[in-house]
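Here the structure is laid out as structure tokens; the discussion comes afterwards.
The values are calculated or read from the model by the stated rules, or taken from the named source; none is laboratory data. Please read these numbers as outputs of a predicted model, since none were measured by experiment. All Cβ positions, even for glycine, are placed from backbone atoms using ideal geometry, and neighbour counts span all protein chains on display.
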Amino acid sequence: MTQGERMPRTVLHPVRPRGVRQELQRLAERGAIELVVAGSDDEVAAALAEGAQVLVSFRWQERFLTPSLRWVASISAGFEQFPLTRLREQGVALTTASGVNAVPVAEHAMALLLACSRRIDEAVQHQRERRWEQQGPRLELEGSTLAIVGMGAIGERVAELGHAFGMRVLGVKRDPLAYAGCAEAVVAPDGLLEVCAEADVLIGALPGGAATRGLLDAEVFDALDGGWFVNVGRGSTVDEAALVAALESGRVAGAGLDVVAEEPLAPTSVLWSMPGVVITPHVAGLSPAYGRRFAELFTRNLAAYEGTAAWTNRVV
């Protein structure tokens, strides 16, 4: 190993998706890593202070940046919480789990869309009330137009599912010339309003950060003009006040939200009780298969850490 003769001491943060601990323990049993399963932030900090080189976590605290730290393997696709400049200055690699959760997030996006448009939320309420009330759907997916903002791994999987439902699929991507997927057309962000004007459904799959903050705003929702909105990206990408106003005016017919600007969503938020709105608590990426997929990615990057392969999803 180029990072030292001993296997890398790896600290696993206590907040993690299902299955990650079990898969990393299998790697430890095979002698690939020395695993420390931390039970608290304090235990994470202590293990790093004692010389651990690798941190597996999507949460960050300043005290985690110790002299021994050499690699942060984030368990999530987002990385806006990490101090990129300081990690770079200290020579710490940062990798993300981009693509690991593409399948469950895309499935969740379509589930939210169906729940809203097929009025499943109303049917569930009627079930609780033991009331038989027939109400037709407000949108049929086949033949409708789906616009996806953020054509990364998640957005592409959403596009594939949209095609399976017989939808016309359009996309928005920072570098559309690099796109080689199944969407009918993909445009740069300056074409967002034109795409929304054609769409019956808009699905957000954007990462967080300064470049995307508030990108989905009043102009976007006005252009959607009675269409449906689903967000499985980051809550920070949406102007939430503009979304509420668009829902109240009917410029947005309904919304499926797995993420919101401030999480958890405040009990006083009007979004909880708005008709046509379905809310899930940032669970789209959870899956029984997440641990296995993350371990496969971690194993590839472990080889990169040891100097025998190229990094995957390296940010810094």
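On the given criteria, is Ala183 in contact with a His (Cβ under 9 Å, 6 or more places away or on another chain) and either of a type in the set (Lys, Arg) or modelled with pLDDT of 95 or more (or both)?
Spelling it out, Ala183 is indeed in contact with a His (Cβ under 9 Å, 6 or more places away or on another chain) and either of a type in the set (Lys, Arg) or modelled with pLDDT of 95 or more (or both).
Filter the range 248-285 down to residues that are among the aromatic types (Phe, Trp, Tyr) and under 17 Å from Leu114 (Cβ atoms), then give me how many there are. Can you show your working first?
Taking the range 248-285 and keeping what is among the aromatic types (Phe, Trp, Tyr), we get 272.
Narrowing the set further to residues that are under 17 Å from Leu114 (Cβ atoms) leaves none.
Count: 0.
Could you tell me whether the range 268-290 includes any residue that is free of Cβ contacts under 8 Å to residues at least 12 places away in the same chain and either more than 30 Å from Ala242 (Cα to Cα) or assigned to a strand (DSSP E or B) (or both)?
no
Consider Ala97 carefully, then state whether it is modelled with pLDDT of 95 or more, part of a helix (DSSP H, G or I) and either under 27 Å from Val259 (Cβ atoms) or not assigned by TED's automatic domain parsing to the domain that holds Ala153 (or both).
Taking the combined requirement at face value, the residue does not satisfy it.
Considering only the range 195-231, state which residues are free of Cβ contacts under 8 Å to residues at least 60 places away in the same chain, more than 21 Å from Glu142 (Cα to Cα) and not in a loop (DSSP other than H, G, I, E, B).
If the condition is that a residue be free of Cβ contacts under 8 Å to residues at least 60 places away in the same chain, more than 21 Å from Glu142 (Cα to Cα) and not in a loop (DSSP other than H, G, I, E, B), then Ala218, Glu219, Val220, Phe221, Asp222, Ala223 are the ones that fit.
Against the condition touching a residue at least 24 places away in the same chain (Cβ under 8 Å) and farther than 18 Å from Ser287 by Cα, how does Val54 come out, does it pass?
Judged against the criteria, Val54 is a match.
If Thr66 passes every condition in (1) surrounded by 16 or more Cβ atoms within 10 Å (Cβ to Cβ); (2) out of contact with any Leu (no Cβ under 8 Å at 6 or more places or on another chain); (3) assigned to a loop (DSSP other than H, G, I, E, B) but one, which one does it miss?
Against the list (1) surrounded by 16 or more Cβ atoms within 10 Å (Cβ to Cβ); (2) out of contact with any Leu (no Cβ under 8 Å at 6 or more places or on another chain); (3) assigned to a loop (DSSP other than H, G, I, E, B), Thr66 comes up short only on (2).
Out of everything in the range 14-33 that is of a type in the set (Lys, Arg) and either at pLDDT 95 or above or closer than 20 Å to Ala45 by Cα (or both), what residue ends up being nearest to the chain's Cα centre (by Cα)?
The selected residue is Arg16.
Go through (1) within 24 Å of Thr95 (Cα to Cα); (2) in the same structural domain as His126 (by TED's automatic domain parsing) one by one and return the number of the condition Ser249 breaks.
All conditions are met except number (1).
Here's a check for you: in the range 70-91, which residue that is part of a loop (DSSP other than H, G, I, E, B) and crowded, with 21+ Cβ neighbours inside 10 Å is farthest from the chain's Cα centre (by Cα)?
Phe82
Among the listed residues Leu271, Leu247, Leu224, identify the single one that is closer than 21 Å to Glu122 by Cα, aliphatic (A, V, I, L, M) and buried (at least 20 other Cβ atoms within 10 Å of the Cβ).
Result: Leu247 is the single residue among Leu271, Leu247, Leu224 that is closer than 21 Å to Glu122 by Cα, aliphatic (A, V, I, L, M) and buried (at least 20 other Cβ atoms within 10 Å of the Cβ).
Of the residues Ala52, Ala106, which is buried (at least 20 other Cβ atoms within 10 Å of the Cβ), in a loop (DSSP other than H, G, I, E, B) and either small (Gly, Ala, Ser) or at pLDDT below 95 (or both)?
Selected residue: Ala52, the only one of Ala52, Ala106 that is buried (at least 20 other Cβ atoms within 10 Å of the Cβ), in a loop (DSSP other than H, G, I, E, B) and either small (Gly, Ala, Ser) or at pLDDT below 95 (or both).
Ala253: among the small types (Gly, Ala, Ser) and without any contact (Cβ under 8 Å) to a residue 12 or more places away in the chain, yes or no?
no
Scan Gly181, Gly143 and give me the residue that is among the small types (Gly, Ala, Ser), in a loop (DSSP other than H, G, I, E, B), surrounded by fewer than 24 Cβ atoms within 10 Å (Cβ to Cβ) and touching a helix residue (DSSP H, G or I) at 6+ places or on another chain (Cβ under 8 Å).
Among Gly181, Gly143, only Gly181 is among the small types (Gly, Ala, Ser), in a loop (DSSP other than H, G, I, E, B), surrounded by fewer than 24 Cβ atoms within 10 Å (Cβ to Cβ) and touching a helix residue (DSSP H, G or I) at 6+ places or on another chain (Cβ under 8 Å).
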